[in-house]
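Read the structure below first, then the notes.
The values are calculated or read from the model by the stated rules, or taken from the named source; none is laboratory data. Computed from a predicted model, the values in this text were never measured in an experiment. No Cβ is skipped: glycine too gets one built from the backbone with ideal geometry, and neighbour counts run over all protein chains shown.
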Amino acid sequence: MIQSTIKNLVRLVFFTAITILLVACGGGSNDSSSTGDGQTDDANIEDVNQGDTNAGGTGGEEPTDENPVNGSDTVVFPAVEPFSQAFADADGGSVYLNSVNSARLSGPVVGSNEVPTNEVFKSIPFIANDVESGLEVLHAVLHRTGADSGTAYITILIRNNSNDILCDLGHGLITAYDAETNIVSTNSGGSGFIFGPMGVTSTGRLTDSCTSPGQIFYYTALYGSRVTITNTAGVTIESITAGRPGTAATLSVIPVSYEVNDSQMEVLIRNQSSETLTLTGSKIYVLSDSGAPIYYRTGGYNTDLEPGAEMIISASSTRFRGSASSLRVLLDYRIKE
C-alpha cells in the first residue's frame, strides 16, 4: 500500500512538472510585441516616406516624427567619400543617361540664399547590404530644407552596371545613424519601388521604374527634423532590388526649360511622342554647383498631353535656404486610357 502511494505521488510530480514546462514553452510566443504587419513595436518607424509618391500635391511636405526610433546596432561605417565628378549630374554625365522622361536644366537662381549652400547638404558614408547583381550603390547625400531644421532627405545614387534594362526597381529600409551608431531615424515605407527613369517591363507595361545600362539614377527617402547635418554619421541600405529585364521606352515627355517666379520653380514640359499621354507625377531636384542633389520636390497630376502639347508644372522653393541654378526634372506618365 505504501509503495503504491509513493508511486502515485512520483507520477503526479512528474506529470505536473511536464505540464508546467509545456505551458512555459507555449506561452513564450505571447510575449512578443508584434504589430500584425511583419514589424515589431521596437522597430517603431517614425517618418512617412513621401519621397516617391505621385499622389496629388507638391510633395516633400514636412513629415511628423514625434515617435523616436530606439535602439542601436554595432555598425562600422567606412570613411566618407567626397562627392565625385564621376557621378555628378553634369553635362555629358551618366545621371539618367538616355532617359526619355528627364532632363538637366540650367536657368535662374533658385533659393533664398539665407545660408551657405554647403550647409544644407553633405555626403555621408553608407553600407549597402543586399544589392541586386548588376546594380551598384555609388554615394549617399543628406540634404535639408535648412541647416538643422525642417525636412531631411537622403538621396542614394545607384548605377546600372549590367547590359540589361532593369525594371521594377525596389528598395528596403534606409536607416540613419549617429556617431555612436544609435538609430536616428528609419524611412517608413519599408520595401517599395524606386521611381524615376522610364522603360517597358517584360509584360509590356510602361513604367517609370526601369534603368538602362550605364545609367545613374536616384532614390530619395524622406525624414523628419531629427535627421540633421550635424548628428547623422551614416546610413544603412537594407536592399536594392530589380525584377525581370525590360526594353527601352520610346514615348517621351521631356522638361524643356524653367523660370522662377515668387519662389515657384515653373518648368515647361513637352510631349514629344505621337500619342496622347497622361502626366501623373514629377520630381524636381535642385543641383549644387558640383552636380549633387540638394533639394527635392514632387508633384502629382492627372493631365492629358496631346502630341506636341506643352504645359508648365510648378513646385515651391520657399523652403530651400541655399541657392543654385540648375535642376534635374523627372516626369511620370502613362498612355491615355
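Some observations on this one:
- Some residue of the range 93-110 being aromatic (F, W, Y), closer than 28 Å to V253 by Cα and in contact with a Lys or Arg (Cβ under 8 Å, 6 or more places away or on another chain): yes
- From the list L222, L169, the one residue that fits, being in contact with a Pro (Cβ under 8 Å, 6 or more places away or on another chain), surrounded by 24 or more Cβ atoms within 10 Å (Cβ to Cβ) and either at pLDDT 95 or above or of a type outside the set (D, E) (or both), is L222.
- Single condition E337 does not satisfy, out of (1) over 26 Å from A176 (Cβ atoms); (2) touching a strand residue (DSSP E or B) at 6+ places or on another chain (Cβ under 8 Å); (3) modelled with pLDDT of 95 or more; (4) outside any strand (DSSP E or B): (3)
- Residues in the range 96-114 that are among the aliphatic types (A, V, I, L, M) and either loosely packed, with under 15 Cβ neighbours inside 10 Å or in contact with a helix residue (DSSP H, G or I) (Cβ under 7 Å, 6 or more places away or on another chain) (or both): V109 only.
Here's the yes/no breakdown for (1) at negative phi; (2) modelled with pLDDT of 95 or more; (3) in contact with a His (Cβ under 8 Å, 6 or more places away or on another chain):
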{"position": "N113", "(1), (2), (3)": "no, no, no"}
{"position": "I127", "(1), (2), (3)": "yes, yes, no"}
{"position": "L138", "(1), (2), (3)": "yes, yes, no"}
{"position": "D148", "(1), (2), (3)": "yes, no, no"}
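- One residue stands out among those in the range 293-316 that are among the hydroxyl-bearing types (S, T, Y) and touching a Phe, Trp or Tyr at 6+ places or on another chain (Cβ under 7 Å): the one that is surrounded by the fewest Cβ atoms within 10 Å (Cβ to Cβ), which is Y296.
- Within the range 187-222, being part of a strand (DSSP E or B) and more than 16 Å from the chain's Cα centre (by Cα) holds for G199, V200, L206, T207.
Yes or no, residue by residue, for (1) among the hydroxyl-bearing types (S, T, Y); (2) over 25 Å from L97 (Cβ atoms); (3) under 16 Å from the mean Cα position of the chain (by Cα):
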{"site": "E119", "(1), (2), (3)": "no, yes, no"}
{"site": "I127", "(1), (2), (3)": "no, yes, yes"}
{"site": "L138", "(1), (2), (3)": "no, no, yes"}
{"site": "Y153", "(1), (2), (3)": "yes, no, yes"}
{"site": "I158", "(1), (2), (3)": "no, no, yes"}
{"site": "D164", "(1), (2), (3)": "no, no, no"}
{"site": "G170", "(1), (2), (3)": "no, no, yes"}
{"site": "E180", "(1), (2), (3)": "no, yes, no"}
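- Top-ranked residue of the range 225-250 - restricted to ones that are closer than 16 Å to V131 by Cα and polar (S, T, N, Q), ranked as surrounded by the most Cβ atoms within 10 Å (Cβ to Cβ): T236
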